[in-house]
Amino acid sequence: MFEFVAVSKAYNGQPAVEDVSFALAANRTTVLMGPSGSGKSTILGLMTGLLKPTTGVIKFEGEPLAPARLPLLRRRIGYVVQDGGLFPHLTCLANVTLMARHIGWRKSQIDSRVADLASLARLSPDVLARYPLEVSGGQRQRVSLMRALMLDADVLLLDEPLGSLDPMVRAELQGELAGIFRRLSKTVLLVTHDVNEAAFFADQLILMRAGKIVQTGSPEDLFDRPTNGFTREFVLAGQSRVRTGGK
Ligand code: ADP
Ligand code: MG
């Protein structure tokens, strides 16, 4: 579905992503993990065309991303930016329906889509009528997800979608999200710095460090057959946190 071929991205001469190549499998969940600053959000920015690679090629369905294809591409991608990115001056409902109204969906079509998604995300009309700052963190994350799902995009890019939540809400939402992915069979790329969350969601894992891919494979590959010391340490750090009860 997506393919990166030797992609690098530098900001003011400083490399953020270096010589990255991978293919994103259709209808599967791929998890991009790695420490803070390793280039995960930059990869998502490159996929949406919001950022341009310094060198290398990014392909979508076999064709390089060209500026003329970007508007269409963006309708086929649902993107949840890190921290949700809801407009604070619009109600949750207005945030969810913004793009659909912009491209001219009929009101009846919008209402029926919102009803389906609200039941999927377990959000009541009362919550959707409020502004983002008037709902809980967990509800805000669900609203961001509803917005990303609204146009029925084929690809979902989720940048630390559960990042700022407390552990109990996080665990609950993890279960719900996994159910949603299974039911909709989308191509999902989910970013997290949390190895346990990565293991929970991933069909495929990509581990990054300092802008480079360190290892890719199934969760079993990375957990049971690390090819290098960094993968071993990263995986172990997560597991030891589980054993010590999160301390
Ligand atoms: P992650 O999402 O894994 O935490 P990012 O992709 O956000 O990492 O950042 C990768 C590197 O690029 C970091 O060193 C970060 O400081 C740098 N960076 C990210 N965005 C910018 C920007 N707009 N300008 C300059 N440097 C940036
Ligand atoms: Mg990030």
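The values are calculated or read from the model by the stated rules, or taken from the named source; none is laboratory data. Note that the structure is predicted; figures quoted are calculated from it, not measured. Heads up, the Cβs are rebuilt from the backbone with ideal geometry, glycines too, and the neighbour counts pull from every protein chain shown. Protein only, heavy atoms only, side chains kept; ligands, DNA and RNA dropped before computing areas. Shrake-Rupley method; radii C 1.70, N 1.55, O 1.52, S 1.80 Å.
In the range 174-197, is there at least one residue being buried (at least 22 other Cβ atoms within 10 Å of the Cβ), more than 16 Å from ligand 1 (Cβ to nearest atom), among the small types (Gly, Ala, Ser) and outside the structural domain of Phe4 (by TED's automatic domain parsing)? No: zero hits. Restricting to the range 200-224, and then to whatever is touching a helix residue (DSSP H, G or I) at 6+ places or on another chain (Cβ under 7 Å) and free of Cβ contacts under 8 Å to residues at least 40 places away in the same chain, can you tell me which residue is surrounded by the most Cβ atoms within 10 Å (Cβ to Cβ)? Step by step, filter the range 200-224, then rank; the result is Leu222. Criterion applied to Val195, Val155 was being under 22 Å from Gly39 (Cα atoms) and under 12 Å from the mean Cα position of the chain (by Cα), and the one residue passing it is Val155. A residue that is closer than 16 Å to Leu158 by Cβ and open to solvent by less than 10 Å² (accessible area, probe 1.4 Å) occurs somewhere in the range 17-25. Only one entry of Pro53, Pro67, Pro71 meets the criterion of being within 16 Å of ligand 1 (Cβ to nearest atom) and either in contact (Cβ under 8 Å) with a residue 12 or more places away in the chain or open to solvent by 10 Å² or more (accessible area, probe 1.4 Å) (or both), and that entry is Pro53.
Evaluating Leu73 against the criteria (1) closer than 26 Å to Arg182 by Cβ; (2) at pLDDT below 95; (3) within 16 Å of ligand 2 (Cβ to nearest atom) leaves one unmet condition, (3).
Please verify whether Val80 is open to solvent by less than 10 Å² (accessible area, probe 1.4 Å) and either touching a residue at least 60 places away in the same chain (Cβ under 8 Å) or small (Gly, Ala, Ser) (or both), treating the condition exactly as stated. Yes.
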